[in-house]
Amino acid sequence: MIESDLIKIEAIQIAEAFNIKKIRTEFEVETYSSSISELFYAFKSKNQYLYIFDYGVIVFANYTASDKKEFIEFVKKYAIEIVDVNLFEEYTIEIDKTLLKTYVKNNSVTVPFVDSSVLRIVMLNIAQSVALEFYETLSDDLITSSKEYILELEKRGRLSISKTNLLKYIGKVLNVKNSIVDNLYILDDPNLVWDHEDLNLLNRSLKTNFDIIPRFKDLDYRLGIVEDNLKLFTDVLNVRESSRLEWIVIILIAIEILIALYFH
């Protein structure tokens, strides 16, 4: 049981990914719970809790600004591609022992009691929400750049982008999509809710509050649009390359004819 009437939580997207194995080895603090994709630490003497996810999100509970800053500087050593966007979400757990059930609101959840399992469920859902916001930002950028190319096609009937830059853009889109696919498990229910009806209800309520499932479906839809645009751009690139090769062949044939005429 966690003895506190109020627990402040903040989730921050630090990187595209973390090397969880190295953090667990070099942090030199025993985990309360861990897996290949996440680390949960409980510093009960300070009433502080820490959740680290391999998709680049850290969730702090009851951390001071200085403590957060210190740990973020430490964990950046294990980051894979630190993000340059300011993505975070704050949430509060309120404990009211007179209640008989949990109440989930936009910025807080009120519960009759808090233990490590309740805390982990709340922190997990906030982490999922921040991660989805990160991918939403990436997909928005991809759609914006896609629109620019489509507008150019509409106005000029061709793409001025070079083959190299177009291939880089295609690679960027595929990298984002693959990253999301790799992290699909973030939507899975944690094992600790399977045999606990109250935890399961809390988990589902939080998912509803943060619109986790609808946001993921919308993200998947937008990435589908970008992928369709990629196919269009690839076709345009292939046509351009085919046309260029045709002209090369025509020029070579013309040169061959001129040489033949010259020597005859």
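Could you list, in sequence order, all residues of region 84-119 that are open to solvent by 40 Å² or more (accessible area, probe 1.4 Å) and closer than 15 Å to S205 by Cα?
K101, T102, Y103, V104, K105, N106, N107
Within region 40-51, which residues are crowded, with 23+ Cβ neighbours inside 10 Å and in contact (Cβ under 8 Å) with a residue 60 or more places away in the chain?
Step one: list which residues in region 40-51 are crowded, with 23+ Cβ neighbours inside 10 Å, which gives 49-51.
Answer for region 40-51, where residues must be crowded, with 23+ Cβ neighbours inside 10 Å and in contact (Cβ under 8 Å) with a residue 60 or more places away in the chain: Y49, Y51.
Is there a residue being in contact with a helix residue (DSSP H, G or I) (Cβ under 9 Å, 6 or more places away or on another chain), surrounded by fewer than 17 Cβ atoms within 10 Å (Cβ to Cβ) and of a type in the set (G, A, S) anywhere in region 132-149?
Yes, some residue in region 132-149 is in contact with a helix residue (DSSP H, G or I) (Cβ under 9 Å, 6 or more places away or on another chain), surrounded by fewer than 17 Cβ atoms within 10 Å (Cβ to Cβ) and of a type in the set (G, A, S).
Considering only residues that are aromatic (F, W, Y) and in a loop (DSSP other than H, G, I, E, B), look in region 176-226 and name the one that is modelled with the highest pLDDT. So that I can check it myself, show each step before the final result.
Of the residues in region 176-226, the ones aromatic (F, W, Y) are 185, 194, 210, 216, 221.
From what is left, the residues that are in a loop (DSSP other than H, G, I, E, B) are 194, 210.
Details: W194: 79, F210: 93.
Per the criteria, the residue is F210.
Based on this model, can you work out whether E148 counts as modelled with pLDDT under 80 and within 25 Å of E81 (Cβ to Cβ)? Spell out how you get there, then give the answer.
Details: modelled with pLDDT under 80: yes; within 25 Å of E81 (Cβ to Cβ): yes.
Considered against the rule, which asks whether it is modelled with pLDDT under 80 and within 25 Å of E81 (Cβ to Cβ), E148 comes out as yes.
Considering only region 52-65, I want to know if a residue exists there that is open to solvent by 40 Å² or more (accessible area, probe 1.4 Å), without any contact (Cβ under 8 Å) to a residue 24 or more places away in the chain, within 20 Å of S179 (Cβ to Cβ) and not in a loop (DSSP other than H, G, I, E, B).
no
The values are calculated or read from the model by the stated rules, or taken from the named source; none is laboratory data. This structure is a prediction, so every number in the text was calculated from the model and none was measured. Backbone-built Cβ (ideal geometry, glycine too); neighbour counts: all protein chains shown. Each accessible area value is taken on the protein alone, full model and side chains, heavy atoms only, with ligands, DNA and RNA left out. Shrake-Rupley method; radii C 1.70, N 1.55, O 1.52, S 1.80 Å.
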